[in-house]
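All remarks here apply to the structure that follows.
The values are calculated or read from the model by the stated rules, or taken from the named source; none is laboratory data. Note that the coordinates shown come from a computational prediction; the quantities given were computed from them, not determined experimentally. Quick reminder, even Gly has a Cβ in these numbers, built from the backbone with ideal geometry, and neighbours come from all protein chains shown. Accessible surface areas use protein heavy atoms only, side chains included; no ligands, DNA or RNA. Shrake-Rupley method; radii C 1.70, N 1.55, O 1.52, S 1.80 Å.
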Amino acid sequence: MENEITPHEGDHLAGGGRPSEIELAVGVIGCGYWGPKLARNFRDLPGARLSYVSDLREGRLDEIKKLYPEVSTTTNFRDLLGEGIEAVVVATPVHTHYPLVKAALLAGKHVLVEKPITSDSKQAEELVELADQKGLTLMVGHTFVYNPAVQAVRNIIQSGGLGSVYYINATRVNLGLLQPDINVMWDLAPHDISILRYILDKDPITVSARGAVYINTFNKQPEVVYMTLFFEEGVMANLRLSWLDPVKLRRLTVVGSNKMLVYDDIADNKVVLFDKGVEVPPYSVTEDEFRASYRHGEESVYPYDWVEPLRAECACFVDCIRVGADSPSSGEHGVKVLRVLETAQRSLNNGGVELKIEY
């Protein structure tokens, strides 16, 4: 695919040209893993209408046509850039994001692009500036920030329910799926980076990453990576990322000065609070006087109302376009996640050295 794509002549209709009471006409580019899920949500979402789906594989388009006979399909993504489509969803491999998103923005379309926004932060910044210049919404599919369980974790932390946050441990592992063009960090870490930024409401200051290659010896893409992020006030976050683990885990542990918390995305009870902690005497002279006090209180399941995160993400995209709502996964947020990834990659390439993240 060429690095520069321009829209057809005359494809200049701005996405906000319709009255808010009319359904938003949406087109989806890409029918891999996420594309069909996004198509389903926009088809069923009040206020939106799935109008077009594009993919290079005729077989995948046939499947979409069977499910949604009223939806137009095409192997040429440019068909989605004409009049009649107001918003485009890009659910394609990362290396195609920049040219596809740029083409859509130049054609006056609002864009929701899967994470990460691009594979290069300079290109991502260009897309954000282009969307701003044209008054268009550019949103990134960091779906976990729309997960009610993650929102509950944020509310607990921001309300001071844990006290001061000491450190966070995140585990995101499973067996597969090996990617030919990216390493496990670029595949899995965007989820945890976006979650950490969201629940702490701040950006990491430094990052270090170490990894190893065991299977991908041909393209030398690490399947296992350990990443450490430091935030203000000494908050440390460790991420364990792997495609080579026997058990699928999606778990986040937050340790605070007053209480502790576990968010397990796979468990039935996804957010559990632990009234546990440790205190030391403010003053001691001898070893005998030093007695750490351990608190082993009750654990409780934190309640919240469940909504499918992808549905909430799609609804937020529509609201951003129609009423100017704020998004926790805007293009600007996507750029910051990408900056962390790029810095972590430099650390990975240099033996795990700790590096400052430049925003």
Exercise. Helix 184-200: angle to the longest alpha-carbon principal axis of the chain, degrees 0 to 90, nearest 10?
Worked result: 70
Problem set entry | Anchor residue 276: lysines whose Cα lies under 21 Å away (excluding residues fewer than 8 positions away in-chain) | 259
Problem set entry | Carbon plus sulfur fraction of accessible area for region 17-147, probe 1.4 Å, in percent | 50
For this session: Sorted from largest down, give the three principal axis spans of the alpha carbons of region 198-353, whole angstrom values.
Result: 60, 45, 33
Seminar exercise, completed: Per principal axis, largest first, the Cα atoms of region 16-81 extend in Å by 35, 23, 20
Exercise. What are the lysines whose alpha-carbon lies under 24 Å from the alpha-carbon of residue 336, with same-chain residues fewer than 8 places away excluded?
Worked result: 102, 109, 115, 122, 134, 202, 356
Exercise. Using a probe of 1.4 angstrom, how much of the accessible area of region 196-282 is carbon and sulfur, in percent?
Worked result: 52
Exercise. Using the alpha carbon gyration tensor of region 44-183, what are the three equivalent-ellipsoid semi-axes (square root of 5 times each eigenvalue), largest first, in whole Å?
Worked result: 32, 20, 18
Problem set entry | FRET efficiency for residue 218 and residue 247, using Cβ-Cβ distance with R0 set to 30 Å, rounded to 0.05 | 0.65
Exercise. Any idea what Rg and Dmax come out to for region 122-244 if you just take the C-alpha atoms, in Å?
Worked result: 16.6, 48
Seminar exercise, completed: Applied in sequence order to region 220-235, the curve 6.51 cos²θ - 1.76 cosθ + 1.60 (Karplus, θ = phi - 60°) yields integer Hz couplings, x standing for Gly and Pro, of 6, 9, x, 9, 9, 9, 10, 10, 10, 10, 10, 10, 4, 6, x, 5
For this session: Obtain the radius of gyration and the Kirkwood radius of region 297-359 from its C-alpha atoms and give Rg over Rh.
Result: 1.19
For this session: With an 8 Å cut-off on Cα pairs and a minimum separation of 6 or more residues, tell me the relative contact order of the chain in percent.
Result: 18
Seminar exercise, completed: Here P(r) for the chain, Cα-Cα distances in 10 Å bins, as whole percents, is 5, 22, 30, 24, 12, 4, 2, 1, 0
Problem set entry | By accessible area with a 1.4 Å probe, ligands and nucleic acids excluded, highest first: order of 186, 243 | 186, 243
Exercise. Taking N as the number of residues in region 94-156, what is its Cα Rg relative to 2.2 N^0.38 Å?
Worked result: 1.27
Exercise. Can you give the helix-only mean residue ellipticity at 222 nm for the chain, where every DSSP H stretch with n ≥ 4 adds -39500 (n - 2.57) and the sum goes over all residues, rounded to the nearest 500 deg cm²/dmol?
Worked result: -9500 deg cm²/dmol
Seminar exercise, completed: Averaged per residue, the 1.4 Å probe accessible area of the chain, protein heavy atoms only, in Å², is roughly 48
For this session: Percent of Cα-Cα pairs per 5 Å bin, from 0 to the last occupied bin, for region 145-206, please list those.
Result: 4, 14, 24, 22, 16, 11, 6, 3, 1
Seminar exercise, completed: As a percent rounded to 5, the proportion of antiparallel DSSP bridges among beta bridges in the chain is 60
